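As structure tokens, the structure follows; a few thoughts come after it.
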Amino acid sequence: MFNYSYKQITFLVLLIVGFAFKTQAQYCTNDDRYTEVNIFALLEIDSTANAVYANALNRSSVMQELNIDVFYPGSTFDTATLRPFILMIHGGGFTIGQKEQMHYDCIQLARKGYVTASIEYRLGDASDTGVEILNRQYRAEQDARAAMRWVVDNAATYGIDTSWMFIGGYSAGSLISHGLIYTQQSEWDAITPLVSSTLGDIDTSGNNLTHGYDIKGLYNNCGSIYGLNVSVNEMVPTVAFHKEYDHLVDIDTSVVGGFGSNTMYNWLSNEGVCTELSIDTNYYLATPTSQHCPWVGVQGNNLRVNRTSCFFKSVFCSACNTALMLDSVSTNCSTFLSVEKENSSFLDFEVYPNPFVDQISFIGLSEGIPFQIRNGMGQIVRELKTGDNSKLNNLKPGIYFITITTDNGVRSKKLIKE
């Protein structure tokens, strides 16, 4: 048995807390990294194509080689030795789709400073019925878990900080991503009791790696989670996009037990877990050519990539807030997550106390000057005037930004609410 003094225990606790804060703070950078801004050119992004992350028996009992593509800022251009990681998974109803469909998203996120990857996974067949419909989702989830273990095993090669790993995708890819966060083996066994004995354990298929991983956030594009238990301690910050009139994956709760983006948004927000949902409210007829996911094309991809990058950075900065948007709202979090970027020759002021509990005061500003309080995504949460602090005591704890607009531009100060 080890005996520690009170001072030794206190030092160990402070050391652990300090290390965790340093790890988080190093990605809450005072520049455009991890925002909507592309800080690297296309030619500055390196990649590894078709690396084998697993081998597993497919639907036809044939051993299938599974490949992963990795994208990252080249070491010649990036001074960072560690970067957060995002795994992106394509959709296609578990029967079609290719990892290349996520390449654009991966490259654009890599240009913002992340390491990203896209995977292929075992697919089923459109003729599948009965338990085989569940089996194809189970196999896909096995493969994604094998890919995450492979990423941890190769973290040093790509400069990945395994303490900051995210996951996401569209449609089926989003279902798989939800599964890695919210599904346990026991839950799968309850849904289809023979699945583990038939297809193997969900966490050991495909390779012999045993690395664990902790997913810090989720990107959900027109996805859902099916018939599974979602406990509060499993919930992670989630940025989501969905059509209000999605005819394939219901935004709320489907008749087959799927819980859509709006349902998940309500669950997360009710439990105090920050989440952001952008809803495309345009009505689309249920035709074979109608789009399933919202805001398609390059413009739509850029919207989602930029919002996702900013949302994840707000997680780094402890400035993550819940927001519901009924439109394709663009983001410019570089303005508000990168503090003190403006020319300091005009409107120099200070805010105190900072951090604050319920009241703030200004140095260098007279009373009656309009100012805004914005969250980490640049969204206005309060509009006040100096001298009027009555609406600050009900702000949730977190990081905010005071902005004042003059003829010379916008002046911004970080504000911490305890």
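Values in this text are rule-based calculations from the coordinates and carry no lab data. Given the structure is predicted, the values throughout are model-derived calculations rather than measurements. For neighbour counting, all protein chains shown are included, and Cβ atoms are generated from backbone atoms with ideal geometry for every residue, glycine included.
Structure notes:
- Just checking the listed ones, 309, 205, 186: in the Gaussian network model of the chain with Cα springs under 10 Å, the one fluctuating most is 186.
- Region 149-216 - Rg (one decimal) and Dmax (whole number), Cα, Å: 13.7, 40
- Phi to ³J(HN,Hα) by Karplus 6.51 cos²θ - 1.76 cosθ + 1.60 over region 135-150, Hz, x for Gly, Pro: 4, 5, 6, 4, 4, 4, 5, 4, 5, 5, 5, 5, 5, 5, 5, 5
- Working from Cα pairs under 8 Å separated by at least six residues, relative contact order for the chain is 13 percent.
- Relative contact order, percent, region 226-331 [alpha-carbon distance under 8 Å, six or more residues apart]: 31
- Built amide H within the under 5 Å cut-off of residue 386, gap 5+: 368, 369, 371
- Vicinal HN-Hα couplings computed from phi for region 261-273 (Karplus, 6.51 cos²θ - 1.76 cosθ + 1.60; Hz; Gly/Pro x): 4, 5, 4, 5, 4, 5, 4, 5, 5, 5, 9, x, 8
- For residue 184, no residue 5 or more places off, or on another chain, has a built amide H under 5 Å of its own.
- Listed residues 283, 219, 245, most fluctuating in the chain (Gaussian network, C-alpha, under 10 Å): 283
- Taking the number of Cβ atoms within 10 Å of each Cβ as an exposure proxy, the fewest-first ranking of 363, 373 is 363, 373.
- Comparing mean-square fluctuations of 331, 116, 238 from a GNM of the chain with C-alpha springs under 10 Å, the top value falls on 331.
- Mean separation of Cα contacts under 8 Å, 6 or more apart, over the residue count of region 129-280: relative contact order %: 24
- Isolated cysteines in the chain, defined as those with no second cysteine Cβ under 4.7 Å, comprise 106.
- Per-residue 3J(HN,Hα) values for region 169-179, derived from phi via the Karplus relation 6.51 cos²θ - 1.76 cosθ + 1.60 with θ = phi - 60°, read x, 10, 6, 4, x, 6, 4, 4, 4, 4, x Hz in sequence order (x marks Gly and Pro).
- Shown for 275, 253, 281: other C-beta atoms within 10 Å of each C-beta, ranked fewest to most, produce the order 281, 253, 275.
- Residue-averaged [θ]222 nm for the chain, counting only DSSP H segments that reach four residues, each worth -39500 (n - 2.57): -8000 deg cm²/dmol
- From least to most packed, judged by other beta carbons within 10 angstrom and beginning with the fewest, 305, 230 follow the order 230, 305.
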